[in-house]
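The values are calculated or read from the model by the stated rules, or taken from the named source; none is laboratory data. Quick caveat: nothing in here was measured; it's all calculated off a predicted structure. All Cβ positions, glycine included, derive from the backbone under ideal geometry; neighbour counts span all protein chains shown. Heavy atoms of the whole protein, side chains included, go into the accessibility calculation; ligands, DNA and RNA do not. Shrake-Rupley method; radii C 1.70, N 1.55, O 1.52, S 1.80 Å.
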Amino acid sequence: MITKLFAECRLRLKAALLFLFFLGILSARGQSEDCKLSIGTNLGGISDWMTEMPFVDMMHNARTWGTRNQTDWIEGGVNEWNTELAHRVEKDENGYPLEVPFFFDDAALEDSQIIFTVWAYLAAWPSGIYTCFYEGEGEIQFGADGEVIHAEPGKLTVNITPSSEGGFLEMKITRSKRGNHIRNIRLIMPGHENTYQDQPFNPLYLEKLQPFKALRFMDWGSTNNWGHDNMWECDDEPSDTILTPWDQRSRMAHYTWATNKGVPYEMMCDLCNTLGVDMWVCMPHCASDEYILQAATLIKDRLNPTLTIYAEYGNENWNWMFGQTQWLNTFFCENRGIPWPEGIVDKTQNHLDLWTNVFASQPERLVRVAGVQTAWQDVANRTIRNLRANSFDAVAVTGYFGLHETDDNLLDEMGAEATAADIARMIRQSMKTEIEWISSDYEELAVPLGKKIVYYEAGQHITPTPFGEEPTYAQALLDIQRDTALYNLYNEWFDLVGGLIPEGDKAVYMNFSFVGSLSARYGSWGILETLDQDTSMVYAPKYQAIAEYIQKCNNEVSNKFLQPAGSFSETLKIIKRGSKQFVILSEEPMHEVKIFSFTGQLLYAIQVPNKEYTDISLSQLTTGNYIVVVTAGKQPISRKIRIDSMRN
């Protein structure tokens, strides 16, 4: 009995020592002087085809209303899918039609009209039973991948099963009574019908955002072309000179936030408060002084006072592909006879001054940001140096790496023969130029003016030239997004950017972007393709590189996966047979084997039906240390393994 007790104590001591060894490894990494970046992320824009899934109420990302014939099919009729008359429909302050059906005598209609919305891509939607709540009298119908299985006044139960092609969902208001019209529609994810009011955010969304230090809401706020659906609409009418009042902002109760005004500031604050992270907000280019003052005051009052606010005027106001640049040039340069970019400086200055006034009693909570184009020093200097030096705190640049035009030409010649390795090789050669651009921002702006550099967008920018056209090497552009080469490029880039940051400083580094699907034409911006991406099946090199950097620099470890559970068995052996091949031997029958990253992310899992040995191949994992958790007998047992490097 004493011998058995002694042996058990010895094993427990070994378990504790091994756990301390793990912590020592991570602590040493966490104390590295290379931890110069405080990594946050940009969030994706709200749309009916999004895969980011931030909310449990899917009405928040419904497409804006369409209109169509009340009769499903009229023989001999035009039967347009969308008659595009929603702008003429009489609505309440939250965008709900006051009466359905309706008719316009002057519109040459072939039938009375109804209202509908769609969600055009459901790849990230969980299948199951959704609950649709509403107020008022009328009728709501669901179609395509949604079926109403129970209806009662104010509530529909809807079975939504996305089809294999990505899915499609339609919701129609076929009848709505004037005086008590249908309003306040909510479409709630399975399992959240009793909690959505207290917790509006998707728990998985919160989990995946947990590592980041700050969130930038540029796309959440529809900053580019704000208030307009297209760039060319921002400055094409004299009325566009009218600055937007506060009462025209995005509202919490509006039927959808997938609009050209984006998500309300209240939700931005609430997300940051929930996660305990800093907030980076971009004001619309056309906001009035009243709008900016009210927005700044709301954020000051609603955001947790321990969190920092980064305030920016617009987004890339130098970028001619965006409507805000056209608007500023037309109305503040050309119409006033002032050269560009000098003509836009006073709008930026005014924005900075308004935020300064609101936070006069709490200046430590605010970082006033002035954005520039990283590689355009002439314009950057003519903007920044015309601002009052004491009116802003940081110069915002990008931290992108990608392909240059000469690289694109070479890859186009290679065509379908091009590989991810070819792209990686060219990017490494181009990184020197991009680092030189950033270095010049430190030398020309940050150091002489005594300002910090912050990165408003950063990461890979692997796109073709010209942007938006399908290149001959499209497959290679897609392949690198799931290749270990990109993981390595991220780590190399972190080192290069960190090397520019002055000793003892850290720089806010906002990844672009969080979740988004792959595209060879328009860029694969998301570090995850869908929110629920199984990275053990579909590798996410960008997400892994960022998560590991954050984990290293946070000096944190997931005790859930590294602490021994109960007792530590010496009866488990892991034998390495190759760089990524292992054999696991156990004296007790095994049930399950799982592989975790040091961030606690599950990367691999197999069931082992009462076997005492198993072979595992981890070809999908990249170089680094991992935790193996084996369930054998009643207790899980943890071991560290090492995946050796392989050439790209």
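Scanning the range 426-485 for residues that are assigned to a helix (DSSP H, G or I) and of a type in the set (Phe, Trp, Tyr) yields TRP437, TYR442. Listed by first and then second residue, the pairs linking a residue in the range 120-142 that is under 12 Å from THR157 (Cα atoms) to a residue that is among the acidic types (Asp, Glu), with Cβ atoms under 7 Å apart and 6 or more places separating them unless they lie on different chains, are THR131/GLU193; PHE142/GLU170. If I filter the range 491-498 for residues that are open to solvent by less than 10 Å² (accessible area, probe 1.4 Å), within 20 Å of the chain's Cα centre (by Cα) and of a type in the set (Gly, Ala, Ser), do I get at least one hit? Looking for residues that are open to solvent by less than 10 Å² (accessible area, probe 1.4 Å), within 20 Å of the chain's Cα centre (by Cα) and of a type in the set (Gly, Ala, Ser), one finds none in the range 491-498, hence no. Within the range 309-324, does at least one residue satisfy the condition of being at positive phi and either open to solvent by 30 Å² or more (accessible area, probe 1.4 Å) or out of contact with any His (no Cβ under 9 Å at 6 or more places or on another chain) (or both)? Scanning the range 309-324, I find at least one residue that is at positive phi and either open to solvent by 30 Å² or more (accessible area, probe 1.4 Å) or out of contact with any His (no Cβ under 9 Å at 6 or more places or on another chain) (or both), so the answer is yes. Count of the range 298-308 residues, restricted to those that are closer than 22 Å to MET510 by Cα and either touching a helix residue (DSSP H, G or I) at 6+ places or on another chain (Cβ under 6 Å) or crowded, with 16+ Cβ neighbours inside 10 Å (or both), is 6. Remark: pairs (first residue in the range 607-630, open to solvent by 10 Å² or more (accessible area, probe 1.4 Å); second residue among the acidic types (Asp, Glu) and not in a strand (DSSP E or B); Cβ separation under 7 Å; 6+ apart in sequence or on different chains) = THR623/ASP644.
Within the range 306-317, does at least one residue satisfy the condition of being of a type in the set (D, E, K, R), within 15 Å of PHE359 (Cα to Cα) and free of Cβ contacts under 8 Å to residues at least 40 places away in the same chain? Don't jump to the end; show me each part of the working.
Let us first name the residues in the range 306-317 that are of a type in the set (D, E, K, R), namely 312, 316.
Within this subset, residues satisfying the condition of being within 15 Å of PHE359 (Cα to Cα) are 312.
Within this subset, residues satisfying the condition of being free of Cβ contacts under 8 Å to residues at least 40 places away in the same chain are none.
No, the range 306-317 contains no residue that is of a type in the set (D, E, K, R), within 15 Å of PHE359 (Cα to Cα) and free of Cβ contacts under 8 Å to residues at least 40 places away in the same chain.
When each of LEU410, LEU478 is tested for being free of Cβ contacts under 8 Å to residues at least 24 places away in the same chain and farther than 23 Å from GLY504 by Cα, the lone residue that passes is LEU410.
Here are some residues: LEU445, LEU449. Which one is in contact (Cβ under 8 Å) with a residue 12 or more places away in the chain and open to solvent by less than 20 Å² (accessible area, probe 1.4 Å)? Break it down into steps so the answer makes sense when it comes.
Working: LEU449 fails: open to solvent by less than 20 Å² (accessible area, probe 1.4 Å).
So the residue among LEU445, LEU449 that is in contact (Cβ under 8 Å) with a residue 12 or more places away in the chain and open to solvent by less than 20 Å² (accessible area, probe 1.4 Å) is LEU445.
Quick check: anything in the range 206-225 free of Cβ contacts under 8 Å to residues at least 12 places away in the same chain and either under 23 Å from ASN260 (Cβ atoms) or part of a loop (DSSP other than H, G, I, E, B) (or both)? Don't jump to the end; show me each part of the working.
Here is the first cut: in the range 206-225, the ones free of Cβ contacts under 8 Å to residues at least 12 places away in the same chain are 207.
Those still in the list that are either under 23 Å from ASN260 (Cβ atoms) or part of a loop (DSSP other than H, G, I, E, B) (or both) too: none.
No, the range 206-225 contains no residue that is free of Cβ contacts under 8 Å to residues at least 12 places away in the same chain and either under 23 Å from ASN260 (Cβ atoms) or part of a loop (DSSP other than H, G, I, E, B) (or both).
MET58 meets the conditions (1) aliphatic (A, V, I, L, M); (2) modelled with pLDDT of 95 or more; (3) open to solvent by 10 Å² or more (accessible area, probe 1.4 Å) in every case but one. The failed one is (3).
Test ASN390 against the criterion of being assigned to a helix (DSSP H, G or I), open to solvent by 30 Å² or more (accessible area, probe 1.4 Å), modelled with pLDDT of 95 or more and within 15 Å of LYS451 (Cβ to Cβ), and give yes or no.
Values: assigned to a helix (DSSP H, G or I): yes; open to solvent by 30 Å² or more (accessible area, probe 1.4 Å): yes; modelled with pLDDT of 95 or more: yes; within 15 Å of LYS451 (Cβ to Cβ): yes.
So ASN390 passes the test.
Quickly run through the range 245-276 and pick out the residues that are open to solvent by less than 10 Å² (accessible area, probe 1.4 Å), out of contact with any helix residue (DSSP H, G or I) (no Cβ under 9 Å at 6 or more places or on another chain) and more than 24 Å from GLU233 (Cα to Cα). Of everything in the range 245-276, just one residue is open to solvent by less than 10 Å² (accessible area, probe 1.4 Å), out of contact with any helix residue (DSSP H, G or I) (no Cβ under 9 Å at 6 or more places or on another chain) and more than 24 Å from GLU233 (Cα to Cα), namely CYS272. Among the residues of the range 193-205, those identified as in a loop (DSSP other than H, G, I, E, B) and farther than 26 Å from PRO284 by Cα are GLU193, ASN194, THR195, TYR196, GLN197, ASP198, GLN199, ASN202. Tallying residues that are surrounded by 19 or more Cβ atoms within 10 Å (Cβ to Cβ) and assigned to a strand (DSSP E or B) within the range 170-185 yields 6. Taking the criterion of being of a type in the set (S, T, N, Q) and in contact with a Lys or Arg (Cβ under 7 Å, 6 or more places away or on another chain), the only residue of the range 58-82 that qualifies is ASN82.
Pairing each residue of the range 343-367 that is under 16 Å from ILE309 (Cβ atoms) with any residue that is among the basic types (Lys, Arg) and crowded, with 20+ Cβ neighbours inside 10 Å, provided the two are 6+ apart or on different chains, yields C-beta distances under 9 Å for HIS351/ARG368; LEU352/ARG368; TRP355/ARG368; THR356/ARG368; PHE359/ARG368. Here THR259 passes the criteria (1) in a helix (DSSP H, G or I); (2) under 19 Å from the mean Cα position of the chain (by Cα); (3) touching a residue at least 40 places away in the same chain (Cβ under 8 Å) except the one numbered (1).
Give the range 61-78 a look and list any residue that's without any contact (Cβ under 8 Å) to a residue 12 or more places away in the chain and surrounded by 12 or more Cβ atoms within 10 Å (Cβ to Cβ), or say none. Correct list: empty. Consider the range 341-372 and keep the residues that are charged (D, E, K, R) and under 29 Å from the mean Cα position of the chain (by Cα). The one that is surrounded by the fewest Cβ atoms within 10 Å (Cβ to Cβ) is GLU364. Scanning the range 85-96 for residues that are free of Cβ contacts under 8 Å to residues at least 40 places away in the same chain and within 31 Å of the chain's Cα centre (by Cα), we see that the one that is least open to solvent (accessible area, probe 1.4 Å) is ALA86.
The one condition from (1) in contact (Cβ under 8 Å) with a residue 60 or more places away in the chain; (2) within 25 Å of the chain's Cα centre (by Cα) that PRO471 does not meet is (2). Within the range 86-112, the set of residues being of a type in the set (D, E, K, R) and touching a strand residue (DSSP E or B) at 6+ places or on another chain (Cβ under 9 Å) comprises ARG88, GLU90, LYS91, ASP92, GLU99, GLU110, ASP111.
Would it be correct to say that LEU411 is within 28 Å of ALA214 (Cα to Cα), surrounded by 18 or more Cβ atoms within 10 Å (Cβ to Cβ) and in contact with a helix residue (DSSP H, G or I) (Cβ under 9 Å, 6 or more places away or on another chain)?
On the way: within 28 Å of ALA214 (Cα to Cα): no; surrounded by 18 or more Cβ atoms within 10 Å (Cβ to Cβ): yes; in contact with a helix residue (DSSP H, G or I) (Cβ under 9 Å, 6 or more places away or on another chain): yes.
Criteria not met by LEU411.
Residues in the range 506-518 that are in contact with a strand residue (DSSP E or B) (Cβ under 7 Å, 6 or more places away or on another chain), open to solvent by less than 60 Å² (accessible area, probe 1.4 Å) and in a loop (DSSP other than H, G, I, E, B): PHE512, SER513, PHE514. Screening the candidates GLU99, GLU147 for the property of being open to solvent by 30 Å² or more (accessible area, probe 1.4 Å), under 23 Å from ILE188 (Cα atoms) and acidic (Asp, Glu) yields one hit, GLU147. Which one is least open to solvent (accessible area, probe 1.4 Å) among residues in the range 228-240 that are of a type outside the set (A, V, I, L, M, F, W, C), under 21 Å from TRP318 (Cβ atoms) and assigned to a helix (DSSP H, G or I)? Among those that are of a type outside the set (A, V, I, L, M, F, W, C), under 21 Å from TRP318 (Cβ atoms) and assigned to a helix (DSSP H, G or I), it is ASP240.
Examine the range 277-297 for a residue that is assigned to a loop (DSSP other than H, G, I, E, B), over 20 Å from LEU352 (Cα atoms) and open to solvent by 20 Å² or more (accessible area, probe 1.4 Å), and state whether such a residue exists. Step through it out loud before you land on a result.
To start, the set of residues in the range 277-297 that are assigned to a loop (DSSP other than H, G, I, E, B) comprises 277, 284-286, 288.
Then drop every residue that is not over 20 Å from LEU352 (Cα atoms), which leaves 277.
From the residues that got through so far, the ones that are open to solvent by 20 Å² or more (accessible area, probe 1.4 Å) too are none.
No: zero hits.
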